[in-house]
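Colleague: What follows is a structure written as structure tokens; I'll ask about it next.
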Amino acid sequence: MLGLIKKDFLLIKGNLKLVSIIFIVLIFISFEESSNFIFIPAFISIILFFSTFSYDEYNKWDAYAITFPNGKENIVKSKYLSTLLLVLFTVLITMIIWIIISIINNNLDIEYILLTSFGCFASVIFLQSIMYPLIFKFGIEKSRIVIFVGIFILIAIIGLISRNIGSIPIEVVSLFNNYWMIIVPLIIIITFSVSYYLSKKIYMKKEF
Amino acid sequence: MINAVEIKNLSKSYNNGFKLGEISLNIPKGLIIGLIGENGAGKTTLIKSILNIIKIDTGNIKIFDKDYINYENIIKEDIGVVLDNMFFPELLTLSDIDKIMGDIFKNWDSKLYFDFLNKFNLPIKRTIKNLSKGMRKKLEIATALAHHPKLLILDEPTSGLDPITRSEVLDIFQNFVQDEEHTILFSTHITSDLEHIADYIIFIDQGKLVLNENKDTIVDNYGILKCDIDDFNKVSREDYLVYKKNKYSYDFLINNKSKIKKKYRDFVIDNISLEELMILMIKGDK
């Protein structure tokens, strides 16, 4: 399976230049206004990773990889693990850059940075968990529209919640405030696991 | 173990109406088996079934004497494949393939892989995308061989190769089966390739197995009996398999050359090439 993870990283290696440029631009923007741009690298990295599905599909890689030992199972497993690693890596780098900038600007708020970074990681993994079963079922080309709709819906939900934060019953808000450290990771772990299970099930039935 | 692959009652239907099978056949170990047939006859479907890329409707398959589903991962360590237009994403370089495959096959042999690349004059740093069609085929063959497989399954491995490279590649295949544990299943419609190297011929037409025969038996027993238009009725029905009408003559496909030669002394009886055999069996009338 390590081989398949390597394959995906070798595939996106070519885009590293682009990602580095985005990071650098981000650093300069962050001097002015920090937290709003913090989501961008993680979202870009996952969209970048979606391209590996396109490359695979274009060269009918799946059918070829099925002829390897443990082929089918490892194809699904490696996609989930690679994404997790990539998003984790991107969020960590972003966080480190942010911390350095905050120190230079003399406005370091480490708790805020950690929370926002975690929120960023959680929302990207949530998005990925919803997308992957669709991609494995319909292929990346057909899922592309769904991806954009998915991102749009996610942004809409976040917007809706933050706009109507006043009308949510105070009990729910306080419950969330007190236990979010358990609730959010739990939601992420559950969606990620269910998503993996579904994708595997879909993929095992698929023919090429 | 005498057979590398044993197939029993395999069938597979598609929604578009195409049906493969039922097919039962054995692929004997240590030989080169040629799989021939028209485009769309079911060659690739058969190969994909053996590799469990598609699920078969009925039947069972044994590879190296083991059930191909229950022991899939063990079996696949020992299979090398060249599939038609299915390979690594083309942004990868030739050395990337080595890095990846080293973690996939226990027996991956980097040295052997790079030896093949050298032998084939393939540039290591280049991406697959920038290879010519022939170079790409050679890369696929090198990749299939580099983990010391026991069974090579090749779908059109010589298409797109120039004559010189083709003979190079066929030599490699022949060397490969010098080891009696090694077997090659080789699908092609360039039948002249098989003329040189195949030991067995499997012929599929419209999803059905129409011929499964030792190549020497085909060469010794099959032939074409030629006669003028007027002499058609002189050939009795039980002596031929199919016939084809030409402009001034008839061709009869026979499978008992020595006996027929004695019986029809006045007619010309020619040896048959695999290509002629294929055309007669597909296009001929009963």
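Colleague: Answer with yes or no whether B:LYS48 is within 13 Å of chain A (Cβ to nearest Cβ) and either under 25 Å from A:GLY3 (Cα atoms) or of a type in the set (Asp, Glu) (or both). Give the derivation first.
Modeller: Numbers: within 13 Å of chain A (Cβ to nearest Cβ): yes; either under 25 Å from A:GLY3 (Cα atoms) or of a type in the set (Asp, Glu) (or both): yes.
In short, yes.
Colleague: Quick one: how many residues across region B:14-40 are under 12 Å from the mean Cα position of the chain (by Cα) and of a type in the set (A, V, I, L, M)?
Modeller: The number of residues fulfilling the criteria is 6.
Colleague: Out of B:ASP251, B:ASP179, B:ASP230, B:ASP171, report the one residue that is assigned to a strand (DSSP E or B) and either more than 13 Å from the chain's Cα centre (by Cα) or not assigned by TED's automatic domain parsing to the domain that holds B:ASP115 (or both). Before you say what the answer is, go through the steps one by one.
Modeller: Values: B:ASP179 fails: assigned to a strand (DSSP E or B); B:ASP230 fails: assigned to a strand (DSSP E or B); B:ASP171 fails: assigned to a strand (DSSP E or B).
Testing whether each residue is assigned to a strand (DSSP E or B) and either more than 13 Å from the chain's Cα centre (by Cα) or not assigned by TED's automatic domain parsing to the domain that holds B:ASP115 (or both) leaves just B:ASP251.
Colleague: I need a count of the residues in region B:104-121 that are part of a loop (DSSP other than H, G, I, E, B), away from chain A (no Cβ under 12 Å) and surrounded by fewer than 18 Cβ atoms within 10 Å (Cβ to Cβ).
Modeller: We begin by selecting, within region B:104-121, every residue part of a loop (DSSP other than H, G, I, E, B); these are B:104-109, B:120-121.
Still in the running and away from chain A (no Cβ under 12 Å): B:109, B:120-121.
In the following step, the residues that additionally are surrounded by fewer than 18 Cβ atoms within 10 Å (Cβ to Cβ) were identified as B:109, B:121.
Number satisfying all stated conditions: 2.
Colleague: Say whether the condition of being at pLDDT 85 or above and within 14 Å of chain B (Cβ to nearest Cβ) is met by at least one residue in region A:102-111.
Modeller: No, region A:102-111 contains no residue that is at pLDDT 85 or above and within 14 Å of chain B (Cβ to nearest Cβ).
Colleague: Where residues in region A:62-74 are facing chain B (nearest Cβ under 8 Å) and within 17 Å of A:LEU2 (Cβ to Cβ), which of them is nearest to the chain's Cα centre (by Cα)?
Modeller: The selected residue is A:GLY71.
Colleague: Could you run through region B:57-103 and say how many residues are within 7 Å of chain A (Cβ to nearest Cβ), over 30 Å from B:LYS8 (Cβ atoms) and hydrophobic (A, V, I, L, M, F, W, C)?
Modeller: Result for region B:57-103: 6.
Colleague: From the list B:ILE141, B:ILE124, B:ILE164, B:ILE128, which residue is farther than 15 Å from B:ILE33 by Cα, surrounded by fewer than 17 Cβ atoms within 10 Å (Cβ to Cβ) and in contact with a Phe, Trp or Tyr (Cβ under 9 Å, 6 or more places away or on another chain)?
Modeller: Details: B:ILE141 fails: surrounded by fewer than 17 Cβ atoms within 10 Å (Cβ to Cβ); B:ILE164 fails: in contact with a Phe, Trp or Tyr (Cβ under 9 Å, 6 or more places away or on another chain); B:ILE128 fails: surrounded by fewer than 17 Cβ atoms within 10 Å (Cβ to Cβ).
So the residue among B:ILE141, B:ILE124, B:ILE164, B:ILE128 that is farther than 15 Å from B:ILE33 by Cα, surrounded by fewer than 17 Cβ atoms within 10 Å (Cβ to Cβ) and in contact with a Phe, Trp or Tyr (Cβ under 9 Å, 6 or more places away or on another chain) is B:ILE124.
Results for (1) closer than 25 Å to A:PHE192 by Cα; (2) of a type in the set (A, V, I, L, M); (3) in a helix (DSSP H, G or I), shown as yes or no for each residue.
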{"residue": "A:ILE93", "(1), (2), (3)": "yes, yes, yes"}
{"residue": "A:SER102", "(1), (2), (3)": "no, no, yes"}
{"residue": "A:ILE113", "(1), (2), (3)": "yes, yes, yes"}
{"residue": "A:GLY119", "(1), (2), (3)": "yes, no, yes"}
{"residue": "A:SER129", "(1), (2), (3)": "yes, no, yes"}
{"residue": "A:LEU134", "(1), (2), (3)": "yes, yes, yes"}
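Colleague: What's the number of the only condition in (1) under 20 Å from A:VAL184 (Cα atoms); (2) surrounded by fewer than 19 Cβ atoms within 10 Å (Cβ to Cβ) that A:CYS120 fails to meet?
Modeller: Against the list (1) under 20 Å from A:VAL184 (Cα atoms); (2) surrounded by fewer than 19 Cβ atoms within 10 Å (Cβ to Cβ), A:CYS120 comes up short only on (2).
Colleague: Taking region B:51-102 on its own, how many of its residues are closer than 24 Å to A:ASP56 by Cβ, polar (S, T, N, Q) and in contact with a strand residue (DSSP E or B) (Cβ under 8 Å, 6 or more places away or on another chain)?
Modeller: 1
Colleague: Against the definition (acidic (Asp, Glu), out of contact with any Phe, Trp or Tyr (no Cβ under 8 Å at 6 or more places or on another chain) and modelled with pLDDT of 90 or more), how does A:GLU57 come out, yes or no? Quick ask: steps written out before the conclusion?
Modeller: Working: acidic (Asp, Glu): yes; out of contact with any Phe, Trp or Tyr (no Cβ under 8 Å at 6 or more places or on another chain): yes; modelled with pLDDT of 90 or more: yes.
Yes.
Colleague: Then there is this: Hey, A:ALA122 hits all of (1) in contact with a Pro (Cβ under 8 Å, 6 or more places away or on another chain); (2) within 14 Å of chain B (Cβ to nearest Cβ) but one; which does it fall short on?
Modeller: (2)
Colleague: Test B:LEU211 against the stated conditions and say whether it is of a type in the set (A, V, I, L, M), surrounded by fewer than 22 Cβ atoms within 10 Å (Cβ to Cβ) and touching an Asp or Glu at 6+ places or on another chain (Cβ under 7 Å). Please lay out each step first, then the result.
Modeller: Values: of a type in the set (A, V, I, L, M): yes; surrounded by fewer than 22 Cβ atoms within 10 Å (Cβ to Cβ): yes; touching an Asp or Glu at 6+ places or on another chain (Cβ under 7 Å): no.
No; evaluated as a whole, the condition is false for this residue.
Colleague: Moving on to the next point. Any idea which of B:ILE279, B:ILE269, B:ILE204 is among the aliphatic types (A, V, I, L, M) and either in the same structural domain as B:GLY37 (by TED's automatic domain parsing) or in a loop (DSSP other than H, G, I, E, B) (or both)? So that I can check it myself, show each step before the final result.
Modeller: On the way: B:ILE279 fails: either in the same structural domain as B:GLY37 (by TED's automatic domain parsing) or in a loop (DSSP other than H, G, I, E, B) (or both); B:ILE269 fails: either in the same structural domain as B:GLY37 (by TED's automatic domain parsing) or in a loop (DSSP other than H, G, I, E, B) (or both).
Being among the aliphatic types (A, V, I, L, M) and either in the same structural domain as B:GLY37 (by TED's automatic domain parsing) or in a loop (DSSP other than H, G, I, E, B) (or both) holds for just one of B:ILE279, B:ILE269, B:ILE204, which is B:ILE204.
Colleague: Right, here's the next one. Quick one: is B:GLY59 modelled with pLDDT under 95 and in a loop (DSSP other than H, G, I, E, B)?
Modeller: Working: modelled with pLDDT under 95: yes; in a loop (DSSP other than H, G, I, E, B): no.
In short, no.
Colleague: Now a separate question. So for region B:144-158 (the condition being assigned by TED's automatic domain parsing to the domain that holds B:GLU22, more than 23 Å from B:LEU25 (Cβ to Cβ), touching a strand residue (DSSP E or B) at 6+ places or on another chain (Cβ under 8 Å) and without any contact (Cβ under 8 Å) to a residue 40 or more places away in the chain), does at least one residue qualify?
Modeller: Looking through region B:144-158, none of the residues is assigned by TED's automatic domain parsing to the domain that holds B:GLU22, more than 23 Å from B:LEU25 (Cβ to Cβ), touching a strand residue (DSSP E or B) at 6+ places or on another chain (Cβ under 8 Å) and without any contact (Cβ under 8 Å) to a residue 40 or more places away in the chain.
Colleague: Among the residues in region B:76-91, are any assigned to a helix (DSSP H, G or I) and surrounded by 15 or more Cβ atoms within 10 Å (Cβ to Cβ)?
Modeller: Filtering region B:76-91 for residues assigned to a helix (DSSP H, G or I) gives B:76-77.
When the remaining residues are screened for being surrounded by 15 or more Cβ atoms within 10 Å (Cβ to Cβ), the result is B:76-77.
Checked region B:76-91: at least one residue is assigned to a helix (DSSP H, G or I) and surrounded by 15 or more Cβ atoms within 10 Å (Cβ to Cβ).
The values are calculated or read from the model by the stated rules, or taken from the named source; none is laboratory data. From a predicted model like this one, the values you see are computed outputs, not experimental measurements. FYI the Cβ positions are ideal-geometry reconstructions off the backbone, even for glycines, and counts take in every protein chain you see.
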